[in-house]
Structures are given as C-alpha cells and as structure tokens.
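The values are calculated or read from the model by the stated rules, or taken from the named source; none is laboratory data. Worth saying up front: this structure is predicted, and the values here are computed from it rather than measured. Neighbour counts are summed over all protein chains in view; Cβ atoms, including those assigned to glycine, are modelled from backbone coordinates with ideal geometry. The area values use the complete protein model at the heavy-atom level, side chains included, leaving out ligands, DNA and RNA. Shrake-Rupley method; radii C 1.70, N 1.55, O 1.52, S 1.80 Å.
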Amino acid sequence: MEAVALSEDLSDSTQRSDSDSKQQIYFIPYSWWRDAQDSVLGDSDGKRGILYVTSQASSYAGPMKIINNIFNSDLVFNLKREDTVHSGENGEVGVSGRDYALVPAEMWVQALRWHSDSKAAVKDGKCFSAAEDDMTDVYPLQLRLSAPRETNSLGVRITKKDNAVEFFKRACKIFSVESEMLRIWDFSGQTSLFFTNEKSKFPSYQRQSEGIPLELQVYGLSDSFKCREGKKDERAAQHSTIANSCCGSSVMMNGSGGITNSNFIRSFWGSSCEAGSLGLTGLQNLGNTCFMNSSIQCLAHTPKLVDYFLGDFGREINPDNPLGMDGEIALAFGDLLRKLWAPGATPVAPRTFKSKLSRFAPQFNGFNQHDSQELLAFLLDGLHEDLNRVKCKPYVEVKDGDGRSDKEVADEYWRNHLARNDSIIVDVCQGQYKSTLVCPVCKKVSVTFDPFMYLSLPLPSTMMRTMTLTVVNTDGNSQPSQYTITVPKHGKFEDLIQGLSVACSLGVNETFLVAEIYNNCILRYLEEPSDSLSLIRDQDQLVAYRFIKDVEQFPLVVFMHQLMEEQYMHGKMTSSFGIPLVSRLCNSASGSDICNLYLKLLKPFQTPRNDSQECLDSSESATLEEVNGTQDTTPPVLGGGVNSCYGNGADSPVDFGFQFYITDEKGTSKDKKIVMNEIVEKEESKQLNVLVCWPKKYIAEYDTRLLSSLAEVFKSSLFAKKPQESVSLYKCLEAFLKEEPLGPEDMWYCPGCKKHCQASKKLDLWRLPEILVIHLKRFSYSRCFKNKLETYVDFPDDNLDLSTYIAYRSDQLCNRYMLYAVSNHYGSMGGGHYTAFVHHGANRWYDFDDSHVNPISQDKIKSSAAYVLFYRRVIEV
C-alpha cells in the first residue's frame, strides 16, 4: 500500500487561521481507504469525491523527447478533472493498485485507527500505537502545482532540486503515467480551489510562476510494510507487556498520554533491568540529517531532560516570548522524545521536528549536511526561550565591581541572569565563567561574569602551524634544500626566521633573505620581523637565500632564467623557468663578472658531462677557481678573462654561451644587452635584475627539474595520511583558559584610555552546570579554505575532575563529571557522517547510527571522531 500526505507550504501561515495552517491532505491507496470509508464518513456527504485522471504533459513529446529528458529530468504530468462526481462505489475501483484518494488528516488518522482496531492491535484499548508504525515509513516528497489554461486540469511537477535522489526515484515509480492510467479521488475538496477562483487561499500563491509547493508524505512502498501487517498482533502484545511489566506507563501516538512515573528514567539509569530496551530507538535519515539525529540522541538521553519532556512540560511553554518560537520547537522536540522512549518503538522519522526546525532556522532547510554542534546550540537556545518561565523580562543594569569581592559580583550577575532567563535548560545546562580584560596601556582591569551553555575548546594543535621553505645557498657549493618547521599559528615573521635558523644550523656570521616566488620571479621580500605569519598563505612558495653577513652592504643581483625558444619543459609549454638565483655584486662589476657569478651559482645543478665537453669544463673551472679564494671575505665578484663566456672578446657568444640582459623585476623585458668587457651601469644601492637566455642544448647540461623544484608553504592532500596527533582534554581546557591578547578584529574599548586597544583576556570557570557540554573545535575556517583536525583527544569517561580549573569552589557541589554521550563526526570537511555513542545504564554503551542501534564496547568510545562530549555531574553520597 502507499500513503502520500500533501501538506501545504506554511511559509506565509500568518495570513491563515490556525486550523487551516495545521491542516494536511493525505494521499492514500483507495483500496485501503475504501475498507474504512463507511466507518469514518458514515452517511455524510463526504463520501462523494472528485475524480482526476492522470495524463502525460505535452511539453516533451516527439523525436526530441530523449534529448529533453537528459537536460530536464523533472517528473511532469497533468491531473484532468472528470465532469461527474463519483461516490467510488464501483467494485473494480482500487483493484489495479493505481487508484488513490485525497483525504484530510483527521480522516486519515481515523482510517488508521479503524485498521488498527480491526486487527486488534491493542485489545484492551489502553493506547493506540499502531499508527506509530505507520508513521515510520513515511518519507517527504515535494511537488509543485500549477493551473494550465485548461480550466479542468492541474499541472504537477516533481523535481530533483526539491527532493532527495532516492525519494525522487520512488516518485517516478508511483506517478509513472506511461505504463498505466492513474486515478485520484479527492474527498478533501482542496483541489477545487483551483477551479473556483480561490487559488489565493494557498499560502504560496504569489509564487505561482514556480508552482505552488506542496509536501508529499509517501508511505507503504517497501516490503517491510506488507510483512508488518501480519505481525502487528504480535508486536502490539509485546508493547503492552513491556509497558506493563517495566514502567507501568502508556505513551500515546499523539503524545497526549503521560508517564505515570515521571522519574522512571532516573531509576532506570542505574538499573540492570532488561527494560533497558527503552530509549534504544533509532532516527531515520531524511537525507543528510545524520547531524540532527546525532545531537537529538545525545539530548534524548540526558536524564533530567528526559524526565522533564516525558512529564507535563506543556504547562511551562511560553508562546508569547518574542525571542521564542511560539512553543513549537519545544512541542515538536517533546513529541519526538516521547516516541523515542515509547515501549517497543521502531525507528522514528523526525519529519515534524525537521519541518519546524527548517521553519525557524532556514539555515537547516533542505538536504545539505550541517554541523551537529551548530544544531545543538540552536536547539538548546530555542528550547530555553520556548520554555522560559519569565513572562516579562525586567530591565537589568550592569554595575561595576567597585572593589567588591568576586563572589558578590558573580552572584549579582547570576541573579540578574535568572531574572530574565529561567527554564529547564538554564537549570540543567548553563554555567558561568569569569572574564578578565586588562588594558596594555593604563592597566585598567574589567571583570564580568557571563553565562555559558557549552564550552568550545580549541585543540592545541590549532595553535601551531607547519611551514615548508626552500633554502638556497648563494656560494654555489650546494643544492637547494627544503625544510619544514613548526611555528605559532598567530606568530610573527621573526618566529619563522628563528625556527628556520635552528633547522638548518645557520652560522653566527650568516643571515637569511626570505622572498616569495611567483611565476619564476621574486614577488616580494619578507624582511619586517613584526609582520604576522597570517600574511603567508599555505599555497605561497617561499625561498630563503643564505648569505654571509659581511656582504650585506653590496647591492643584490637577481638572475631569472628564460629559454631562447619556447618549448615543452616538464609537461608544459614555457619560456621562463626555475627559481631566481640571488647573490651580491659590487657597483663596478663588468659583464664577465656577471657571467662568472651566474656560472658559479649554476654549478650545483650541473649534470655529468661526456668527453667532448672536457675542454669546456676546464675553461669554466679555471674561471671559477680564480674567484674561489675571495668569496668568503669579499663580495662574490667573479674575475677572470672574458673568454670564459664570449669568444675572443667579441660581443657574440660562442656555441655554449648564455645571453645576459638587464630586465625588470618580473623578467618580462630585455632593456639592455650586457657586454662582457664593459662595466655594467646601474642605479646606486638598487638591485640588478638580469635575464639569462638559455640555448636549447643547455637544457640537457643542467638539472632544470631541480632548479625548478619549489615547495608550497603547506601542501594538503586528500590522500596523504597525516600523523595521528594526541592531546589530553585537560590540555584543551588549559588552552581555552590561557591568557592571550585579543585579535585586531576584537579590539576592546578601554574606559580609562577612552579608545579601543588590544587588551589581554583571561577566562576562568566560576559556576559549573549539572550537564556539561564540551565542543571540540575540530573545524577551522578561513577566507579560502576549510580544514578539519583529526587530533585524537584523550577525554576521561568516568572521572572528569575540574576541581583545579574552577576559580570559585563550593563545598556543596561536586566538580567531578561522568561521560554519558558523544557526538561523532567521521570524514572530511563539508561532508562525512555523524553518529552518537550513548551510555545506557551500568557499563553498557550503544552506537546510534541513524536508524541502526547496536551495542559498542566502552574501549571504543574514545576516537579521533569525537566532536561534542556530554558529561553529567557525579552525585556524591
């Protein structure tokens, strides 16, 4: 059987009455409806329905149909209204399985009750639980209705954009109009609005160009429904047995039934009774809703919250709170929690809750993956405002401490907070921390005491950053080397230089000149020690040129490389290549000095040569030997005869020579050719940029791949396995409480200096809640990148002792906590999968993976996937 609920889009429900906004239209198999029709309708006029017959839409017909289907795979068909009104009493109607009926929500519920009673689902009539099974197979499907020019037909469109892929596939099977005709009987009267000039009553009528959106709730396509029909008697008996033997409770389908013992969860928590199956109910994944399921399961096993929502919580709903959500979030969550704790319940589809969530928090709308902690933060805040016992919030003025004790000031802040915020969430989940700000100029101290709902702890690994640089020696004696160092993430350039100096054993008479390389030329020099490392991106390429300090007074000469003819190098067509080579040169250097200096810097990149080149080697070596004795004490000015690069002192190079040109900083121009026997003229104290043109045959004589090898500052790889980091939860807490300066974007206005300043901030825990929620900040965001930290956090599972971390100690409260739930995230940023681990009495833990609930050993609770930790205070006897 199939049942499809068409619930109208309520985005503009303020224009409608409450009864209309809550009305739903159900689309059910007519054969199933016909059995209960007499009992539901009796002799009323409602037995007469309007008949619609489906037909193909004429948009994509003809030889172009296949092509159109490729580019537009929407399911489109028409519903044509028959002129006559039918009672549906033809005995053949519904036999083919292609006949359906439209009925209002209350009729559908009555039909479900009739089918349940007919099968004796609950013999004693204590509760009506059969419908809970019916609800679990319903899944959402969005369609859009429009009124074509024909006055007796409706256009229907179902798109992949509005629906999950699996649900769209099922819709194609249900509403296929090519194989067999489909007939729909409307007993609700809603479709007649399209034909009586009352279409404006639809809440989304103003968007008619896109079609009026309606939500379909599809049920009964799986084989599990057919099997369940024969097993309802058996399971209903089990429901009754469990309910009577364990708790003496009764949970109604609509949430109206109450728990006779409101503290049964608390008594169950420490019990080993086999009634522990209560609460072991999964949540169906509605399409990337695992993030929501994970957070809900953790809250649904928070002892005091369970007691509260299984009791009479409705009396505390505050529908008039302007910061609340009309009590709808609290009602939806309470109803969902009751279903999760119903005896013998099967996996629940949280559609009503998801619908309310999407309505009040549009960021969670659709089927995209979201953050379970963000959902948790919104839900806790929403439940608090919906259940706030304060009906009229008083104005509270914040006063300075004026020399009073911290305890007195903290208590005053807490009383002011409770005067405006008083709910079960505040009672259970909210604590207080002390925030101290100190002005770096006038030393003004500001102390405030603020409430918190959870603690967001940084992982210490987020405080550090790894950076890779290429070190190039300017003496021509060694090849470039790459070094990877670890520096403070928010450190300065001097931290980078210090770390690199240690890594490569920089001598006391040596120094670095760090440059950023882009397109085979120097983009900028990094010379200011106080510059922030945040100015260096992960994809940047940095080179540290290693110099002798004694030659710093001489100007720089920068050699850039270019091929005389554009050709393929390392798989791409190019003319410029390689890392710029840098050295220093005196002001009166000649062309031959520049040539010899370049040959010296190239020496580490030479490849082994054959016998025919020995003459060239000896000539070049002689030239280099002439300068080897001077490089340590004088600037690297290379002397020697001009024949080393040019034959017989002429201006044209010999076959093995390079051509040198004075160029700009990017190496894009050839301003002047350098002549060997002439002094090179350049501006005083300004670097000399030289473009070296390579003949084609020299490519084989030097290792150009090594010359072009330049690493990025940080290269992330989807497939690279990072080393497993490990850190204690206490270390995370210490990093959270550590004193640190505010960032430039978080400047504090000092009342003493009368200006914004970069004050230092220190946090201290002052008042701890009964339920302590700890969020591990695994996700980091920047302007261009997102990253997830896979750090393994070693957190206590039975004795989290915070006694040494709380600033104010009370003998009346215990500062030790026990773990009872974990929200996990597996996979990468922007996707992955969420699950929940939940403690369920004694030493039993369970893995809640959407609709699947399985036992898990306690030693598997700790993993690098742990994202949100839930602790409860230990009650000392």
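Whether any residue in the range 419-432 is assigned to a loop (DSSP other than H, G, I, E, B) and without any contact (Cβ under 8 Å) to a residue 12 or more places away in the chain is what I want to check.
No; the residues of the range 419-432 include none that is assigned to a loop (DSSP other than H, G, I, E, B) and without any contact (Cβ under 8 Å) to a residue 12 or more places away in the chain.
Gln363 passes all but one of (1) crowded, with 18+ Cβ neighbours inside 10 Å; (2) in contact with a His (Cβ under 8 Å, 6 or more places away or on another chain); which number fails?
Here Gln363 clears every test but (1).
In the range 380-419, which residues are farther than 19 Å from Gly431 by Cα and either basic (Lys, Arg) or under 34 Å from the mean Cα position of the chain (by Cα) (or both)?
Across the range 380-419, the qualifying residues are Asp386, Lys391, Lys393, Lys399, Arg404.
Can you say whether Gly491 is under 19 Å from Pro604 (Cβ atoms), in contact (Cβ under 8 Å) with a residue 12 or more places away in the chain and touching a helix residue (DSSP H, G or I) at 6+ places or on another chain (Cβ under 6 Å), as far as the supplied structure shows?
Answer is no for this residue.
Residues checked against (1) in a helix (DSSP H, G or I); (2) at pLDDT 65 or above; (3) closer than 30 Å to Met467 by Cα:
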site	(1), (2), (3)
Glu681	no, yes, no
Tyr698	yes, yes, no
Arg705	yes, yes, yes
Leu718	no, no, yes
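Could you go through the range 833-840 and let me know if any residue there is open to solvent by 40 Å² or more (accessible area, probe 1.4 Å) and under 23 Å from Leu340 (Cβ atoms). If you could, list the steps in order and put the result at the bottom.
The initial filter retains those residues of the range 833-840 that are open to solvent by 40 Å² or more (accessible area, probe 1.4 Å), namely 833.
Keeping just the survivors that are under 23 Å from Leu340 (Cβ atoms) gives 833.
Yes, the range 833-840 contains a residue that is open to solvent by 40 Å² or more (accessible area, probe 1.4 Å) and under 23 Å from Leu340 (Cβ atoms).
Consider the range 826-870. How many of its residues are out of contact with any Leu (no Cβ under 7 Å at 6 or more places or on another chain), charged (D, E, K, R) and over 14 Å from Pro796 (Cα atoms)?
3
Restricting the range 519-531 to residues that are in contact with an Asp or Glu (Cβ under 8 Å, 6 or more places away or on another chain) and under 16 Å from Ala711 (Cα atoms), which is most open to solvent (accessible area, probe 1.4 Å)?
The extreme case among them is Leu523.
Among the residues of the range 400-446, how many are among the polar types (S, T, N, Q), farther than 18 Å from Asn388 by Cα and in contact with a strand residue (DSSP E or B) (Cβ under 6 Å, 6 or more places away or on another chain)?
Total meeting the criteria: 4.
So, of the residues in the range 754-805 that are open to solvent by less than 40 Å² (accessible area, probe 1.4 Å), farther than 20 Å from Cys429 by Cα and of a type in the set (A, V, I, L, M, F, W, C), which turns out to be modelled with the highest pLDDT?
Val793
Restricting to the range 144-167, what's the tally of residues that are at pLDDT 75 or above and touching a Gly at 6+ places or on another chain (Cβ under 8 Å)?
Result for the range 144-167: 7.
If you check Val471 against the conditions, is it out of contact with any helix residue (DSSP H, G or I) (no Cβ under 6 Å at 6 or more places or on another chain), assigned to a strand (DSSP E or B) and farther than 30 Å from Ser823 by Cα? I'd like the intermediate steps shown before the answer.
Numbers: out of contact with any helix residue (DSSP H, G or I) (no Cβ under 6 Å at 6 or more places or on another chain): yes; assigned to a strand (DSSP E or B): yes; farther than 30 Å from Ser823 by Cα: yes.
Yes: the conditions hold for Val471.
List every residue pair whose Cβ atoms sit under 8 Å apart, with the two residues 6 or more apart in sequence or on different chains, where the first one lies in the range 812-835 and is on the phi < 0 side of the Ramachandran plot and modelled with pLDDT under 90 and the second, anywhere, is open to solvent by less than 20 Å² (accessible area, probe 1.4 Å) and part of a loop (DSSP other than H, G, I, E, B).
Leu813/Leu768; Asn815/Leu768; Asn815/Leu802
Where the second residue is among the small types (Gly, Ala, Ser) and part of a helix (DSSP H, G or I) and the first is over 21 Å from Met453 (Cα atoms) and lies in the range 359-385, which pairs have Cβ atoms under 6 Å and are six or more apart or on separate chains?
Asn365/Ser358
Residue-wise test of (1) in a helix (DSSP H, G or I); (2) within 35 Å of the chain's Cα centre (by Cα).
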| position | (1), (2) |
| --- | --- |
| Asp495 | yes, yes |
| Gln498 | yes, no |
| Val502 | yes, no |
| Leu506 | no, no |
| Ile522 | no, no |
| Ser530 | no, yes |
| Gln539 | no, yes |
| Phe554 | no, no |
| Val558 | no, no |
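Taking the residues in the range 579-626 that are of a type in the set (Ser, Thr, Tyr) and under 28 Å from Glu665 (Cα atoms) as candidates, determine which candidate is modelled with the lowest pLDDT.
So, considering only residues that are of a type in the set (Ser, Thr, Tyr) and under 28 Å from Glu665 (Cα atoms), the one modelled with the lowest pLDDT is Ser588.
Looking at Ile485 and the list (1) open to solvent by 20 Å² or more (accessible area, probe 1.4 Å); (2) without any contact (Cβ under 8 Å) to a residue 24 or more places away in the chain, which single condition is not satisfied?
Failing condition for Ile485: (1).
For Gly403, state whether it is over 30 Å from Asp538 (Cα atoms), outside any strand (DSSP E or B) and open to solvent by less than 10 Å² (accessible area, probe 1.4 Å).
Spelling it out, it is not the case that Gly403 is over 30 Å from Asp538 (Cα atoms), outside any strand (DSSP E or B) and open to solvent by less than 10 Å² (accessible area, probe 1.4 Å).
Looking at this structure, is Gln208 touching a strand residue (DSSP E or B) at 6+ places or on another chain (Cβ under 7 Å), at pLDDT below 75, among the polar types (S, T, N, Q) and not in a strand (DSSP E or B)?
So Gln208 passes the test.
Which number in (1) open to solvent by 60 Å² or more (accessible area, probe 1.4 Å); (2) under 18 Å from Thr448 (Cα atoms) marks the one condition that Lys391 misses?
That leaves (2) as the condition not met.
Could you please give the count of residues in the range 288-323 that are within 20 Å of Phe360 (Cβ to Cβ), assigned to a loop (DSSP other than H, G, I, E, B) and open to solvent by 20 Å² or more (accessible area, probe 1.4 Å)?
The number of residues fulfilling the criteria is 6.
Among the residues of the range 564-572, are any in contact with a Phe, Trp or Tyr (Cβ under 8 Å, 6 or more places away or on another chain), in contact (Cβ under 8 Å) with a residue 24 or more places away in the chain, open to solvent by less than 70 Å² (accessible area, probe 1.4 Å) and over 30 Å from Met676 (Cβ atoms)?
no
Can you confirm whether Asn854 is over 30 Å from Val447 (Cβ atoms), open to solvent by 10 Å² or more (accessible area, probe 1.4 Å), touching a residue at least 12 places away in the same chain (Cβ under 8 Å) and not hydrophobic (A, V, I, L, M, F, W, C)?
No.
Any chance you could count how many residues in the range 330-348 are among the aliphatic types (A, V, I, L, M), open to solvent by 20 Å² or more (accessible area, probe 1.4 Å) and not in a helix (DSSP H, G or I)?
Residues in the range 330-348 being among the aliphatic types (A, V, I, L, M), open to solvent by 20 Å² or more (accessible area, probe 1.4 Å) and not in a helix (DSSP H, G or I): 1 in total.
Looking at the range 657-676 only, could you name the residues that are surrounded by fewer than 18 Cβ atoms within 10 Å (Cβ to Cβ), part of a loop (DSSP other than H, G, I, E, B) and at pLDDT 85 or above?
Passing the criteria: Asp664, Glu665, Lys666, Thr668, Ser669, Lys670, Val675.
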